[in-house]
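Note sheet for the following structure.
Just so you know, all these numbers are worked out from the coordinates, no wet-lab data involved. What you are looking at is a predicted structure, and each value in this text was computed from that prediction instead of being measured. Please note: Cβ atoms are built from the backbone with ideal geometry, for glycine as well, and neighbour counts cover all protein chains shown.
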Amino acid sequence: MKCDICNIFDHKSAFKIIYEDELCTALMHESPANYGHVLVIPTGHYTIMELVPDKIIEHVFSVSNLISTALFETLNIQGTNIIVNNGVEAGQKEPHFYINVIPRTENDGINFEWKAEPANEDSLKTAELKLNEVIGKMTVQQEEKKPLEIHESIEKVDDEDYMFKQLRKIP
């Protein structure tokens with residue numbers, strides 16, 4: 001039996017898909033946190049992020065960045081939250097990894113803040129030691145990068161237009 005997220009791929013016509021390739025699909029959230037809320041979902045079934053192959057993680061985050069940029073360009077927003085609810089205790093409602101891209105505007109009423117309190121130095125040191133021990137045994141798989149090809153006909157980017165676009169993103 002497929003999870004509800006996997007069932008989306010069998011009934012694509014019922015959803016507002018805004019991006020799709022062989023590795024993932026991005027669609028409008030049916031119960032959005034804010035206007036323009038998008039889900040970026042890998043095509044394969046992975047319950048949590050740790051199970052998703054690195055190549056696919058890289059791709060879905062690149063697509064999420066593309067979606068975030070498009071939201072800035074089209075919806076006159078001041079920010080985005082890129083959120084992964086990774087596990088039930090983190091708020092994951094479906095047993096399928098996906099990324100939420102949530103557009104943000106000033107005073108939109110969404111609150112992701114928590115009460116920050118200084119950590120105990122002993123607990124920080126203990127956590128650091130435990131994590132360093134485990135992370136030291138792990139490796140990050142990286143594909144060999146090919147050198148970029150330089151072409152003679154490179155278009156000049158209009159720095160002024162770029163700067164104005166970036167300034168619009170500042171809250």
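With neighbours defined as other Cβ atoms within 10 Å of a residue's Cβ, the residues H29, H96, H45 order from fewest to most as H45, H29, H96.
The share of alpha-carbon pairs in the stretch 4-107 lying farther apart than 19 Å comes to 40%.
Please go through the residue pairs K2/K93; K12/K55; K55/K130 and name each one whose alpha carbons sit more than 22 Å apart in this structure. Violating the 22 Å Cα-Cα cut-off are K12/K55; K55/K130. Each of L129, L23, L75 was scored by other Cβ atoms within 10 Å of its Cβ. Arranged with the fewest first, they read L129, L75, L23. Couplings for the stretch 29-35, taken from phi via the Karplus curve 6.51 cos²θ - 1.76 cosθ + 1.60 with θ = phi - 60°, read 5, 6, 10, x, 6, 7, 4 Hz in order; Gly and Pro are left as x.
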